[in-house]
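Peer 1: Below is a structure I'd like to ask you about.
Nothing in this text is a laboratory measurement; each read-out follows from the coordinates by a stated rule. All values derive from a computational prediction rather than experimental measurement. Quick reminder, even Gly has a Cβ in these numbers, built from the backbone with ideal geometry, and neighbours come from all protein chains shown.
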Amino acid sequence: MLGFVPPLPQQPGRPPSSGHMIVCGDDALARRLAVELRFIYGERVTLLLPPGRDANNPETPLTQRGRAAALFGRMSAAMNRAGNGNGTAGGSGDTNAGVEAVRIMEAPEPSDDVLEEAGIDRAAALALVYDDDERNIRAALTARRLNPRLRLVIRLYNRKLGQHLEELLDQAAAVAMPGIDPALLDASTTVLSDADTAAPALAATALTGSSKVIQAEGLLLRAAERPPPGPGERADPGLCTLALLSSTTNDPAGAEGSDSSGDEAPQLLPDERAVAETTGRGTVVLEAISRADPARSATRMGGRGAPLSQIFSRRLRWSALGFALAAVALVIASLLTTEDTALHSAYLTVLDLLGMNDPAEGAPAARQIIQILSGIAGLLLLPLLIAAVLEAFGTLRTASSLRRPPRGLGGHVVLLGLGKIGTRVLVRLRELDIPVVVVEEDPEARGIPLARSLHVPTVIGDVTQEGVLEAAKVYRARALLALTSIDTTNLEAALYARSVKPDLRVALRLYDDEFATAVYRTLRTAHPQALTRSRSVSHLAAPSFAVAMMGRQILGAVPVERKVMLFAALEVAGHPQLEGHTVEQAFRAGAWRVLAIDATPPADRNPDLAALPPFDPEGDATPPPSGLVWDLHPGYVLRAQDRVVIAATRRGLAELLRRQRSAVPGR
């Protein structure tokens, strides 16, 4: 297990020390992850970035090194202002923290020579967070060969490929290190997706009163926002209160709280006294525990095949019904006017309708009249059949094409952008049965095939062009999710949507936090009846990647305004503030809280709490019971063999890990 290293500065040109961590990437996630590891967990970090582009290029005003330096400088200043009153790593004791705190290297590819120069042979963990899956896979194979003991955290969008890669790299580690502890082997390779991590939070911002969902061993944990109670009312704490929202979040012109909001900031994991004494604040509560359905797939708006109601128009269906009633009337008339049987009368009527019967010469007058009427009705059948064939052909031909938004559509979510993030958010919204209209400029974008297969209405066009958002029926929408990769495009779309519908709920994907703060404050001040949120994918995903770098299993991350709360699985053994303490004693307000205990015997535990337990749906339609015990008795004593699910702040989890290392020599 990784030994703790105090947060000492490191010059860019100085060789890395033993036990350091390496982060390789080419976008904001790499820089954010380095910030998490350096300033929250106090680790020595080497950051490998591709060479910066022309600094004079107006599209890229800073090189990669310059962007990292600016981010580290802002974070260092914030940490120094905050001080180290909570005793966590990365506090103000590191007075020289800044750009020098992280060793920054530049190289086009993480080749053998580059990784060796970065100190791969002495590193404890390596994060590969390039935006290109192939580059991450190639580098992971190289790194595992150079250092079999290395803990790998890999960013992959392809889930199935990620599972296979994780198994392959774990097998390689097991071969290189015979007799390795299974727990260490399980943590040796972790494959994560920033899109999967951020999608639930982004989707939740579009929904009023929505829940953030975390999955653990086939169970769904819902963290729900609740408004402040009225006079004389008491807020329902659910299973437990996870957070108190800031005092400004309920003010339409107010701002979301963050670490720099002072007394107005949201309070994560408050104690009962703080909850009882606080008034006028909303809460985030652990609302309920429900079982995940392993057989349930994402809801489809249409399916690959078109249903009958889509193949044939309403007018054609009414025409067919009228013709069928006319045929039945002719059969009844034949029965009443002749002495024939019902079966023979129906047979003769069908022949008459199709013009296949012989003339009724010498037959009674009634029979002749019925034959004439049947012939006339048969003439009407021919155009009806032709129309049905043409409609079916046209519908089936366009079944695989993109749908246009229906005329009467309303109350939907307009989703801008179908890249990696937008595609995952689309899946999440459809799982929640939320109607969606997608706007995408590139007809070959990653998520277009998914939108086509789900029959999601899609508008192809530039959102900054007039008429595109109107085609998406934004004036009837409940919310707008601007998730393109260009900040200015998201902002322009949000401003235009506000002009069309001032009270529209808007969530923007923005990178720079300072820019995001200015944007949503201005929008909420200008439109006080609306609700605006800004979210950074790297800010949401970086904590999960950082926890994986520390060798811990992350179940999910829940944003609370501009803070992040983590749900993680921990072994109690080696944690002096958990082992031997009751659940009540182990709770530390503002830092961590034990939510559940895995009562399954250690030998039978599912190593991956975030995965569904395997079961045979044909042999037993009911999944096996989960070993997790929720709503714990405060007096339960935590034992060394217990595995627990905790909710923790980033600093709280860092402190738990730091104290575990200091309590167990050699870790």
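Peer 1: In whole Hz and in residue order, list the ³J(HN,Hα) couplings for the range 323-334 that follow from phi through the Karplus curve 6.51 cos²θ - 1.76 cosθ + 1.60, θ = phi - 60°; x for Gly and Pro.
Peer 2: Computed from phi, the couplings for the range 323-334 are 5, 5, 5, 5, 5, 5, 4, 5, 5, 5, 4, 5 Hz.
Peer 1: Between SER453 and ASN158, take the C-beta separation as r, use R0 = 22 Å, and let me know the FRET efficiency to the nearest 0.05.
Peer 2: Details: r = 17 Å, r/R0 = 0.77.
After rounding, the FRET efficiency stands at 0.80.
Peer 1: Assign one of three labels to the range 134-176, namely rounded, prolate or oblate, based on the Cα gyration tensor with a ≥ b ≥ c the square roots of its eigenvalues; rounded applies when a/c is under 1.5, prolate when it is not and a/b is larger than b/c, and oblate otherwise. Let's see the in-between values first.
Peer 2: Values: a/c = 2.32, a/b = 1.48, b/c = 1.57.
It comes out oblate by the Cα gyration axes.
Peer 1: Taking the simple approach of a point 7 Å from Cα along Cα-to-Cβ for both ASP26 and GLU431, what is their distance in nm?
Peer 2: Here the modelled spin labels are 2.9 nm apart.
Peer 1: Continuing with the same structure: What pairs from LYS420/LYS473; LYS420/LYS563; LYS160/LYS473 go past 30 Å between their alpha carbons? Don't jump to the answer; show the numbers that get you there.
Peer 2: Details: LYS420/LYS473 24 Å; LYS420/LYS563 23 Å; LYS160/LYS473 36 Å.
Cα-Cα > 30 Å for LYS160/LYS473; rest within.
Peer 1: Please work out whether the range 107-184 counts as rounded, prolate or oblate from its C-alpha gyration tensor, where a ≥ b ≥ c are the square roots of the eigenvalues and a/c under 1.5 means rounded, while otherwise a/b larger than b/c means prolate and anything else oblate?
Peer 2: Numbers: a/c = 2.14, a/b = 1.12, b/c = 1.91.
Judged from the Cα gyration tensor, the range 107-184 comes out oblate (a/c at least 1.5, b/c at or above a/b).
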